[in-house]
Amino acid sequence: MKKLFGTDGIRGIANREPITAEVAFHIGRTGAYLFKDKADPKILIGKDTRISGDMLEAALIAGICSAGVDVLRVGIAPTPVVAYLTRAYHANCGIVISASHNPFDHNGVKYIRGDGFKFSDSEEEEIERIYFENHSKDEWPTKENIGRVKELAGAIERYIDYIKNTLPPKFKLKGYKIVLDCANGASFMIAPRVFTELGAEIITINDKPNGININFNCGSVHPASLREEVLRQKADLGFSYDGDADRVIAVDEKGNIVDGDQIMAICALNLIKKTQLPNKTVATTLMSNIGFDRAIEKAGGKVIRTNIGDRYVLEMMKKVKTVLGGEQSGHIIFLQYSTTGDGLLTSLQLMKVLREEEKPLSNLTSVMEKYPQIILNYEVKDKERFFKNVCIKKFIKETEGELDGKGRIFVRASGTEPLIRILLEGEDKNKLEKISQDLREVIEKENI
């Protein structure tokens with residue numbers, strides 16, 4: 001069982017175990033140990049805008065260089081940019097310092113393989129084995145064998161050129177007025193530049209990071225400010241990214257929030273129509289709306305569901321040989337272009353469909369009827385105790401019987417926070433609200 005890595009890297013409160021400078025130093029050495037015998041080994045590092053990013057970056061770099069491996073330093077960059085640059089610069093692996101959509105006092109360390117894909121469970125377990133067994137204890141090269149740091153000038157431009165080349169030749173967004181919410185995160189320089197270069201009129205909000213305002217009442221988890229700005233500016237639509245910009249949520253011209261399910265449905269149906277979706281199949285998670293399945297099936301397509309997490313979506317996409325998959329949260333993978341969820345790439349692919357269809361976003365979202373959903377998050381002291389609780393288990397079982405195939409209750413533990421997440425879904429919202437109230441009372445009574 002893994003002791004450091006969760007569902008998306010090593011996560012926690014910055015300057016508390018395991019997100020300390022000391023752990024980062026040794027994790028850096030451990031990663032370097034994997035590649036020390038390769039010819040000209042190098043590890044690429046990028047980070048988001050959190051105040052703790054500098055501390056962790058410095059510690060990781062020190063650890064890597066102390067093991068005799070070079071560092072390619074990108075600076076502030078979204079997770080998908082680090083994944084792309086790791087491939088483009090032929091690094092042995094990449095490291096992202098980010099806690100994604102979490103508050104600023106959290107941070108994390110994610111490993112990316114040389115081919116741009118995230119480390120698998122077994123590869124993360126290997127890093128943990130080396131770390132805990134202290135295999136790198138004798139690896140202290142001296143003289144010219146100590147690793148060096150190279151600043152990657154022009155790396156971001158390389159990514160921008162690449163992402164624009166995923167669009168048709170001479171593709172332009174002239175005539176569109178678009179609001180961008182950068183979540184005071186890693187996309188704050190790149191996203192406005194890409195849309196401006198494509199000819200759109202843009203209004204940018206939450207693009208002044210100060211180290212502590214990342215994701216604060218903004219970004220893809222808090223799309224209300226984007227909605228307000230789209231309506232105020234009478235914009236055609238808006239895009240809201242999270243802290244490391246690997247996910248995106250949109251808002252249409254009427255102020256309706258367009259989530260990852262709807263974005264995937266729009267793009268999938270467009271690909272099916274053009275016979276460009278292999279096997280007419282899309283991969284998504286257990287959290288996706290039932291309405292997503294109905295929309296894809298109506299077009300003759302197929303939806304395959306996986307466990308929560310973009311890594312599991314990606315594994316399924318490879319298994320069934322499809323090119324589109326993602327999550328309701330806005331992590332969407334276009335496998336022919338990217339190895340991970342990429343909010344900016346997803347935005348451009350959606351804009352491509354809007355251009356082709358010549359319809360407003362509100363019109364395109366009508367292809368999918370969303371079933372009412374209620375998502376509840378409960379902070380708990382002991383996740384295991386929650387799942388073993390007899391009263392809670394009894395309530396969940398009775399609820400499943402009450403929904404009788406016309407809805408569902410799905411309960412899971414967060415892999416990155418001390419939370420239990422509960423999804424209620426069905427045809428009747430009033431019924432779901434009554435169930436959620438009763439469930440809240442049961443949980444509070446049990447004092448988990």
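The values are calculated or read from the model by the stated rules, or taken from the named source; none is laboratory data. From a predicted model like this one, the values you see are computed outputs, not experimental measurements. Ideal geometry is used to build each Cβ from the backbone, glycine not excepted, and the neighbour counts take in all protein chains shown.
Count of segment 119-150 residues, restricted to those that are within 23 Å of residue 83 (Cβ to Cβ) and outside any helix (DSSP H, G or I), is 5. Which one of 43, 27 is within 18 Å of residue 112 (Cα to Cα) and touching a Pro at 6+ places or on another chain (Cβ under 9 Å)? Going through 43, 27 in turn, just one is within 18 Å of residue 112 (Cα to Cα) and touching a Pro at 6+ places or on another chain (Cβ under 9 Å): 27.
Among the residues here, residue 121 does not qualify as charged (D, E, K, R), at pLDDT 95 or above and within 18 Å of residue 310 (Cβ to Cβ).
Per-residue answers, yes or no, for (1) on the phi > 0 side of the Ramachandran plot; (2) touching a residue at least 60 places away in the same chain (Cβ under 8 Å); (3) under 15 Å from the mean Cα position of the chain (by Cα):
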| residue | (1), (2), (3) |
| --- | --- |
| 44 | no, yes, no |
| 62 | no, no, no |
| 68 | yes, yes, no |
| 82 | no, no, yes |
| 85 | no, yes, no |
| 91 | no, no, no |
| 103 | no, yes, yes |
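Residue count for segment 403-448 satisfying the condition of being under 18 Å from residue 380 (Cα atoms) and in contact with a strand residue (DSSP E or B) (Cβ under 9 Å, 6 or more places away or on another chain): 19. Looking across segment 126-157, just one residue is surrounded by 11 or more Cβ atoms within 10 Å (Cβ to Cβ) and on the phi > 0 side of the Ramachandran plot, and that is 134.
One line per residue, one yes/no per condition, for (1) within 20 Å of residue 79 (Cβ to Cβ); (2) among the acidic types (Asp, Glu); (3) in contact with a helix residue (DSSP H, G or I) (Cβ under 9 Å, 6 or more places away or on another chain):
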residue: 275; (1), (2), (3): no, no, no
residue: 280; (1), (2), (3): no, no, yes
residue: 286; (1), (2), (3): no, no, no
residue: 299; (1), (2), (3): no, no, yes
residue: 306; (1), (2), (3): yes, no, yes
residue: 318; (1), (2), (3): yes, no, no
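Of all residues in segment 187-207, those being assigned to a loop (DSSP other than H, G, I, E, B), more than 21 Å from the chain's Cα centre (by Cα) and either of a type in the set (Lys, Arg) or farther than 28 Å from residue 261 by Cβ (or both) number 1.
The set of residues in segment 294-313 that are modelled with pLDDT of 95 or more and assigned to a helix (DSSP H, G or I) comprises 295, 296, 297, 298, 313.
Scanning segment 380-399 for residues that are modelled with pLDDT of 90 or more and either closer than 19 Å to residue 287 by Cα or of a type in the set (Asp, Glu) (or both), we see that the one that is surrounded by the fewest Cβ atoms within 10 Å (Cβ to Cβ) is 397. Residues of segment 1-28 that are more than 18 Å from residue 124 (Cα to Cα) and touching a Phe, Trp or Tyr at 6+ places or on another chain (Cβ under 7 Å): none at all.
Just checking, does segment 215-227 include any residue being of a type in the set (Gly, Ala, Ser), closer than 15 Å to residue 347 by Cα and not in a helix (DSSP H, G or I)? Within segment 215-227, one or more residues are of a type in the set (Gly, Ala, Ser), closer than 15 Å to residue 347 by Cα and not in a helix (DSSP H, G or I).
In the condition set (1) crowded, with 21+ Cβ neighbours inside 10 Å; (2) without any contact (Cβ under 8 Å) to a residue 40 or more places away in the chain, residue 411 is compliant with all but (1).
Take the conditions assigned by TED's automatic domain parsing to the domain that holds residue 30, assigned to a loop (DSSP other than H, G, I, E, B), modelled with pLDDT of 95 or more and under 22 Å from residue 48 (Cα atoms) and apply them to residue 104. Does it pass? When the stated conditions are applied, residue 104 passes them.
Looking only at segment 355-374, count how many residues are at negative phi and without any contact (Cβ under 8 Å) to a residue 60 or more places away in the chain. Summing the residues that are at negative phi and without any contact (Cβ under 8 Å) to a residue 60 or more places away in the chain in segment 355-374 gives 3.
Evaluated against (1) among the β-branched types (Val, Ile, Thr); (2) closer than 17 Å to residue 324 by Cα; (3) in a loop (DSSP other than H, G, I, E, B), residue 263 falls short on exactly one condition, (3). Restricting attention to segment 361-386, the residues that are touching a helix residue (DSSP H, G or I) at 6+ places or on another chain (Cβ under 8 Å) and over 23 Å from residue 427 (Cα atoms) total 4. Take the conditions (1) within 21 Å of residue 244 (Cβ to Cβ); (2) touching a His at 6+ places or on another chain (Cβ under 8 Å); (3) free of Cβ contacts under 8 Å to residues at least 60 places away in the same chain; residue 99 misses just one of them, which is (3).
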